[in-house]
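Colleague: Sharing a structure, written as C-alpha cells. Questions coming.
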Amino acid sequence: MKRHFLSIADYSRKELEEIFELTAELKTKTKKGEKHHLCAGKSMAMIFAKPSARTRISFETGMYQLGGYALYLSPNDIGIGKREAVKDIARVISRYNDIIMARLFDHAHILELAEYSSVPVINGLTDYNHPCQIIADIFTVLEHRGNLNNLKITYIGDGNNVANSWINLAARLPMHLVICSPSGYEPDEKTLAFAREQNVSTVEVLGDPIAAVKDADIVYTDVWASMGQEEEAAERRKVFQRYQVNEELMRHARSDAKVMHCLPAHRGDEITDGVIDGPRSIVFDEAENRMHVQKAIIVKLLG
Ligand code: CP
Ligand code: NVA
C-alpha cells in the first residue's frame, strides 16, 4: 500500500481487491458484534472545510469500532489555507495524530497536506474527486452482483468530483463506464485521457441520457450543484432538467438495473422519490458501505 489515499488512480487493481477483501471481513465482524480493535491507541484528525453527514459519521464511528479515536474539526476550527498554511497544519497534526482524513475545496491542498504530513492522509472529498465514495460504491456493486464482470455503469449528471473518481476507478478495474452530462458540464479532460490511456475499460462521454442508460447494470447520479456551487444552482437546474433519473428514464436501462446516488440527494431534481425509494435503489447499502471500506483503508494505511 502507498502511504496516502488520495485518488483511486494511485492504487493498483490488486491493492483495490485487497481493500475489498478486508472490507468484507471487517463488515462481517461488525455485523456479528466481534471485536476488531485493529487501531487501538491510534487517533485520527478529521479536517472538514465543507459540511458532511456520511463522511463524518462513518469515519468517526468506524475509528471507534477499530478501537481508535477520531477528532472532528469543523469548517470553523482550523481554517486550513486561510487561518494557517496547509503545510504548517500538516506538520502540526503529524505530531499529534496517527492519520489524517480531510475534506477540502482545493485538490492542491490535499496534495500539499499529504506532501508535508508524516502520517497517512485520506481524501474525504475535494472539488476534484471523492475516492472513498467510489470505493464504497464499487464494493456495493460487487456485493449485489457477486462479481464485477461485464459491468456497465452509467453516470448521469454533472461531471463533478464523483464522476472523476468513477473515471479513475475505470482506469484500474475493467468496466464499461458511460458519463452522460450536458455540454459544458463534462468531467475533467485530463482524467478522461488518463483512463483511456490505461486501456483497462471503455470510457464514453455521451450527451443523451436515454442512449446512455441502455443496457446499464448501474445508473448512478449525484447533485447538479455541488458544495461550493450554491450560486449556480438555479442556472444548473435549468440546464440539467433532461438529466433527471426518473421512472421513465429507468425504463430504458436493464430490467434488473440498480440505482445509486452518493447522497445527499436533492429529491425532485437529479432523482425522483419514486426511483430513490423504489426497489432498484441501493443507495442506503452504499451509504452503509462507506464505513466498512473506510475502516479497511484506515487499517491498510496504519499497517
Ligand atoms: N456521500 C457523502 O460524502 O456524504 P456527506 O457529504 O454527507 O459526507
Ligand atoms: N458532488 C457532491 C458530492 C457530495 C458527497 C458535492 O461535492 O457536493
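Colleague: Quick check: net charge around F284, other residues with Cβ under 13 Å of its Cβ, Lys/Arg +1 and Asp/Glu -1?
Modeller: Values: positive: R54, K258, R280, R290; negative: D137, E143, D277, D285, E286, E288.
Residues near F284 contribute -2 overall.
Colleague: I've got another one for you. If each DSSP helix of 4+ residues adds -39,500 (n - 2.57) and the sum is divided by the residues in the chain, what number results at 222 nm, nearest 500 deg cm²/dmol? Could the numbers behind the result be given before it?
Modeller: Details: 12 runs with 128 residues, N = 303.
That comes out to -12500 deg cm²/dmol.
Colleague: Sticking with this one: Excluding A45 itself, what net charge comes from residues whose Cβ is under 13 Å from its Cβ, given Lys and Arg +1 and Asp and Glu -1? Please list the in-between numbers first.
Modeller: Details: positive: K42, R56, R91, R95, R103; negative: E60, D77, D98.
In short, +2.
Colleague: Quick one: dipole size for the chain, taken about the Cα centre, charges +1 on Lys/Arg Cβ and -1 on Asp/Glu Cβ, in debye to the nearest 20.
Modeller: Numbers: 37 positive and 42 negative charges, 187 e Å.
Using only the charged Cβ atoms, the result is roughly 900 debye.
Colleague: Next question, about the same structure. Does the chain come out rounded, prolate or oblate, given a ≥ b ≥ c as the square roots of the eigenvalues of its C-alpha gyration tensor, rounded meaning a/c under 1.5 and, failing that, prolate meaning a/b above b/c? Walk me through the numbers before you get to the answer.
Modeller: Working: a/c = 1.71, a/b = 1.39, b/c = 1.23.
Prolate, since a/c reaches 1.5 and a/b exceeds b/c.
Colleague: Considering the options A163, G268, A90, tell which one lies farthest towards the positive end of the dipole of the chain, charges being +1 on Lys and Arg and -1 on Asp and Glu at the Cβ, about the Cα centre.
Modeller: The Cα lying farthest towards the positive end belongs to A90.
Colleague: Still on this structure: What is the distance in Å between the Cα centroid of the stretch 2-46 and that of the stretch 250-288?
Modeller: 26
Colleague: How about K82: which lysines have a C-alpha closer than 16 Å to its C-alpha, ignoring those fewer than 8 places off in the same chain?
Modeller: K50
Colleague: Quick one: Cα convex hull volume of the stretch 53-126, Å³ per residue?
Modeller: Values: hull volume 6.1 nm³, N = 74.
Roughly 83 Å³ of hull volume per residue.
Colleague: Another question, then. Give the lysines whose C-alpha is closer than 25 Å to that of K152, dropping any in the same chain fewer than 8 places away, or say none.
Modeller: The reachable lysines, counting only those whose Cα sits under 25 Å from K152, are K14, K190, K214, K258.
Colleague: Excluding residues fewer than 8 places away in the same chain, name every one of the aspartates and glutamates whose C-alpha is closer than 12 Å to that of K42.
Modeller: Within reach: D98.
Colleague: Please identify, among I57, I156, I110, the residue showing maximal mean-square fluctuation in a Gaussian network model of the chain using a 10 angstrom Cα cutoff.
Modeller: Highest fluctuation of the listed residues: I57.
Colleague: Still on this structure, please answer the following. Could you check the simple spin-label distance between A85 and H36, using points 7 Å along Cα→Cβ, in nm with one decimal?
Modeller: If labels sit at A85 and H36, their model points lie 4.1 nm apart.
Colleague: Per q in 0.21 1/Å, what log10 I(q)/I(0) does a Debye calculation on the alpha-carbon atoms of the stretch 196-298 return?
Modeller: -1.18
Colleague: Also: In the chain, once you exclude exposed trypsin sites (Lys or Arg not before Pro) (DSSP loop, at most 16 other Cβ within 10 angstrom), what's the longest stretch remaining? Please list the in-between numbers first.
Modeller: Details: sites that count: K2, R3, K35, K82, R83, K214, R251, R254.
Segment 84-213 is the longest.
Colleague: Still on this structure, please answer the following. Could you tell me the calculated FRET efficiency between A24 and R196, based on Cβ-Cβ distance and R0 = 35 angstrom, to the nearest 0.05?
Modeller: Efficiency computed from Cβ-Cβ geometry: 0.70.
Colleague: How much of the calculated P(r) for the stretch 30-155 lies past 19 Å, in percent of all Cα pairs? Don't jump to the answer; show the numbers that get you there.
Modeller: Working: 4222 of 7875 pairs.
Taking all Cα-Cα pairs of the stretch 30-155, the fraction more than 19 Å apart is 54 percent.
Colleague: Something else about it: Order 227-235, 270-278 from most to least packed using the mean count of other Cβ atoms within 10 Å.
Modeller: Details: 227-235: 12.1, 270-278: 18.1.
Ranking, from highest mean packing down: 270-278, 227-235.
Coordinate-derived values only; no laboratory data. The model shown is predicted, which means the values in this text are computed figures rather than measured ones. All Cβ positions, even for glycine, are placed from backbone atoms using ideal geometry, and neighbour counts span all protein chains on display.
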